[in-house]
Amino acid sequence: MKTAKDHIIFPLDVPDPDIARSLVTRLADDVGMFKIGLELFIRSGPELVRWIVRAGNAKVFLDLKLHDIPATVKRAMAQVADLGVYFATVHCGESRSMLKAAVEGAGGRVNVLGVTVLTSVSAADVATAGYRDDYSQDVRRLVLKKAAMAMDAGCCGVVCSGEEVQSIKTTFGPEFQAVTPGIRMADRSVSGDDQARVVTPAMAIRRGADYLVIGRPIRDAADPQAAARAVAGEIQGALDAASPKGRDVG
């Protein structure tokens, strides 16, 4: 059964594998999954992934955001599937065939997520990139367009901001997974923040997010374990409020 902490994906956004291992050891009982991105993977390679998988306390999300010709993406995803990770990402990009190739390469051994529009991307960025006005004026429409491509190609879900997750669930149904980065705690700000579309854990859960990528609010806390538990508490509160029992009480 999925618990509150299982909704938490903690990104190992550190350059040193020893620091990553220390964080895994410290947080393995308080988060559901660890995310490994480009920086750490380039430094540490598959061995760190295998080490976390063998540890067994939490799952692994390999966030490489593959984006290449379909044949290359298919072969790369097959290699990812050999590592035993739970989630892996591919950019929705411009072509359904690339997404379909990623799913074929996964062979049912890893859950493929399509990356829609990065949470660091603003409406102004979308306009500058040359998208039509209806997409730049309403980024949600672009996210839904890319999510439709991902679903049609067989992806299990998408990565999207908390601003779009409710529309994703309404449009594509509860089984289509929504992984939401750009999570920030309501009572604190983050210096040097590069996220443009952010929500709190409770907001994301209420809107239907299945998993929350939460890094700096936990990593930069004086006590990361306590911070992770506080996030899990906020998630549990949102889940309780959304349950039939919670609604009856309220």
Rel. contact order, % - alpha carbon contacts under 8 angstrom, at least six apart, region 60-175: 25 percent
Normalised contact order of region 4-241, rounded percent, pairs of Cα under 8 Å and 6 or more residues apart: 18 percent
Region 4-241, accessible surface, carbon-and-sulfur percent (1.4 angstrom probe): 50 percent
Trypsin sites (Lys or Arg not before Pro) within region 1-110: DSSP coil, no more than 10 neighbouring Cβ in 10 Å: 2
Centroid-to-centroid separation of region 1-59 and region 84-156 [C-alpha atoms, Å]: 24 Å
For residue 115, distant residues with modelled amide H under 5 Å away: 90, 91, 92, 159
Heavy-atom accessible area per residue - region 4-241, 1.4 Å, Å²: 43 Å²
Extension gain, residue 243 back to residue 72 (0.36 nm per residue minus Cα-Cα distance, nm): 57.2 nm
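The values are calculated or read from the model by the stated rules, or taken from the named source; none is laboratory data. Fair warning: this is a prediction, and the values are worked out from it, not measured in the lab. Don't worry about glycine lacking a Cβ; one is built from the backbone with ideal geometry, like all the others, and counts go over all protein chains shown. Areas reflect the complete protein model, heavy atoms only, side chains present, ligands, DNA and RNA absent. Shrake-Rupley method; radii C 1.70, N 1.55, O 1.52, S 1.80 Å.
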